[in-house]
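**Student:** I'd like to ask some things about the structure below.
Every number here is computed from the coordinates shown, using simple stated rules; none is lab data. This is a predicted model, so every value here is computed, not measured. Positions of Cβ are backbone-derived with ideal geometry, glycine not excepted, and every protein chain shown enters the neighbour counts.
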């Protein structure tokens, strides 16, 4: 029988990452969609970097930054008692950066795709920008929100490089499924590797399928 | 009521244009901004609403300052208390008709106004429907009602009727006039349709390349020389043909096609697509009821 620890850890990591990422990404995507700042291209580039950068590069720099031997890592440990390398919180931060574009890009394009008259109409009706965002704009980009949430979740489930670099391979703390698979293969335990892989394969398939079903309106047709 | 001096450099597809406009609108007036595309009509409306900031100038409404470049005053749209109907209606797609109107309510405002407006624009049957299931004319009525929920004194209409067919248009013009009267509004309408302007407005501003070319009563502005015609209609030239020494001009008035005989000097400046006034004097028209 396989060890369920990595699977539970992976689910927990993906869930925590997705929730915090959503909270961070909505204001960031809003800013990117509507700002006219000169800094915008730079921020946009930084947000999208994880799409093309090898996860090991990201992991390496995070490892350097978080290491207590380094001034930033030492400061974190001294002031907040946070040790981000080889810990769950470090994994969450790493995954957030790694999955940032998957959450921000759909929300940003959803927001900029809305006609500007919608928010203008709301302002003229005396509603604040915050109220307009939550009551007018976000409810109209539900498909984009769902896409962002699901992609970020699925992407976190499947990550390997970043986790290996800053998390290592500590059972119950940082050993996620993708690393467990690697371990089992190294130990020539192909049957266990296959079980883990199959579980990831199915989760990803089901998750993505449900997004396309919901966003394509297929489910509505069945319900009606 | 509204006194505005507006200067703004606009960049459009056609290049740079300077908008330089003075408006003086009295309380209760129905004013129309007329002019070709790109003349600055919509920009003027957006500036009054606070959706666009002028480079120079001032906007005074009822002795309160909405914009003054020199004194660095620029009220945000939320603080201007106006009603605005967008060209695309800008109804919130995820809310029903009633929810769209209720969203517009001020914090402590009585909900009764929502029912009142729904009944004025005759939307009782449709109030639980989402905007996407409504026709253009129905959406238009929702947008009009929503703009009036907060009981603004100024109503701004940005070509609200341009996407509708003639019959629908005429009906909606009546709705707009009805609420204009009932709520003692001061209304500024952007319109391309001369017939509509003559029917609805007290004053028309004819805009051209960012400036005001003419201001006045619609009949004075649109008829180049004053006619004392008993009978006159606005139409569009759809054909000009030569017959021996005279010309036959075919004019579309509403949905009717009329042929008018013209002399050569009359058609010199006429081209297909021009708006014309067809007038006749010194004759006695006969009225006959049509049995439907």
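**Student:** Compute the distance in nm between two label points, each set 7 Å from the Cα along the Cα-to-Cβ direction, one at residue B:270 and one at residue A:43.
**Tutor:** The two pseudo-label positions are separated by 6.0 nm.
**Student:** Full extension from residue A:131 to residue A:8: what is 0.36 nm times the residue separation minus their Cα-Cα distance, to one decimal in nm?
**Tutor:** Numbers: separation 123, 0.36 × 123 = 44.28 nm, distance 3.72 nm.
Difference between extended and current length: 40.6 nm.
**Student:** Using 1/(1 + (r/R0)^6) with R0 = 22 angstrom and r between the beta carbons of residue B:181 and residue B:122, what's the FRET efficiency to the nearest 0.05? Present the calculation step by step, with values, prior to reporting the outcome.
**Tutor:** Numbers: r = 17 Å, r/R0 = 0.76.
With R0 = 22 Å, the Cβ-Cβ based efficiency is 0.85.
**Student:** Let me ask something else. So for the pair residue B:243, residue B:255, with labels modelled 7 Å out along Cα→Cβ, what separation do we get in nm?
**Tutor:** With each label placed 7 Å out from Cα toward Cβ, I get 2.6 nm.
**Student:** With axes computed from alpha carbons, what is the tilt in degrees of helix B:136-148 against the longest principal axis of chain B, rounded to the nearest 10 within 0 to 90?
**Tutor:** Helix B:136-148 sits roughly 50 degrees off the main axis of chain B.
**Student:** Provide B:212, B:154 in ascending order of the number of other Cβ atoms located within 10 Å of each residue's Cβ, fewest first. Please report the intermediate quantities before stating the final value.
**Tutor:** Values: B:212 18, B:154 21.
With the sparsest Cβ surroundings first, the list reads B:212, B:154.
**Student:** Here's another thing I want to ask about it. Against the longest alpha carbon principal axis of chain B, how many degrees, from 0 to 90 and to the nearest 10, is the axis of helix B:166-182 turned?
**Tutor:** 50 degrees
**Student:** Sort the following peptides by mean Cβ neighbour count (other Cβ atoms within 10 Å, averaged over residues), highest first: A:175-183, B:117-125, B:92-100. Write out the running numbers ahead of the final one.
**Tutor:** On the way: A:175-183: 21.4, B:117-125: 16.6, B:92-100: 19.4.
Peptide ranking by packing, descending: A:175-183, B:92-100, B:117-125.
**Student:** Separate question: Give the Debye-formula value of log10 I(q)/I(0) at each listed q (0.07 Å⁻¹), with one equal scatterer per alpha carbon of the protein assembly as shown, two decimals each.
**Tutor:** Log-scaled intensity ratios, in q order: -0.59.
**Student:** Let me ask something else. For residue B:167 and residue B:202 in one chain, what is 0.36 nm times their gap in residues minus the Cα-Cα distance, to one decimal in nm? Mind dumping the intermediate values first?
**Tutor:** Numbers: separation 35, 0.36 × 35 = 12.60 nm, distance 2.26 nm.
Going from the current span to full extension adds 10.3 nm.
**Student:** State the three equivalent ellipsoid semi-axes of region A:1-54, derived from the C-alpha gyration tensor as the square roots of 5 times its eigenvalues, in descending order and whole Å. Can you show the working numbers first?
**Tutor:** Numbers: eigenvalues 223, 40, 5 Å².
Equivalent ellipsoid of region A:1-54: 33, 14, 5 Å, largest first.
**Student:** At what distance in nm do the modelled label points of residue A:89 and residue A:209 sit from each other, each positioned 7 Å from its Cα along Cα→Cβ?
**Tutor:** Placing both labels 7 Å along Cα→Cβ, they lie 3.9 nm apart.
**Student:** Separate question: What relative contact order, as a whole-number percentage, does chain A give when Cα pairs under 8 Å and 6 or more residues apart are counted? Write out the running numbers ahead of the final one.
**Tutor:** Working: 254 pairs, mean separation 65.0, N = 224.
Answer for chain A is 29 percent.
**Student:** Something else about it: How high is the relative contact order of chain B, in percent, with contacts defined as C-alpha pairs under 8 Å that are six or more residues apart? Please list the in-between numbers first.
**Tutor:** Numbers: 520 pairs, mean separation 56.2, N = 292.
That works out to 19 percent.
**Student:** So, one more: With everything on Cα atoms, drop me the angle between helix A:142-157 and the longest principal axis of chain A, reported from 0 to 90° to the nearest 10.
**Tutor:** That works out to roughly 10 degrees.
**Student:** Another question, if that's okay. With a 10 Å Cβ neighbour count serving as the proxy for reagent exposure, in which order, fewest first, do A:134, B:30, A:160 appear? List each step's numbers first, then the result.
**Tutor:** Values: A:134 12, B:30 22, A:160 16.
Result, fewest neighbours first: A:134, A:160, B:30.
**Student:** Given the rule -39500 (n - 2.57) for each run of at least 4 DSSP H residues, summed and divided by the residues of the protein assembly as shown, what is its mean residue ellipticity at 222 nm, to the nearest 500 deg cm²/dmol? All intermediate terms of the calculation are to be shown ahead of the outcome.
**Tutor:** Values: 19 runs with 236 residues, N = 516.
Value at 222 nm, helices only, nearest 500: -14500 deg cm²/dmol.
**Student:** What order do you get for B:242-254, A:146-158 when each peptide is scored by the mean count of other beta carbon atoms within 10 Å, highest first? It would help to have the intermediate numbers written out before the result.
**Tutor:** Numbers: B:242-254: 13.6, A:146-158: 22.3.
The densest-packed peptide leads the list: A:146-158, B:242-254.
**Student:** If you don't mind, another one. Between residue B:63 and residue B:174, what's the calculated FRET efficiency when r is the beta-carbon distance and R0 is 35 Å? Round to 0.05. Kindly include the intermediate steps, with their values, before the conclusion.
**Tutor:** Working: r = 33 Å, r/R0 = 0.94.
So the FRET efficiency works out to roughly 0.60.
**Student:** Given R₀ = 25 Å, FRET efficiency for residue A:160-residue A:23 by Cβ-Cβ distance, to 0.05? Could you put the intermediate results ahead of the total?
**Tutor:** Working: r = 25 Å, r/R0 = 1.01.
Result of the calculation: an efficiency of 0.50.
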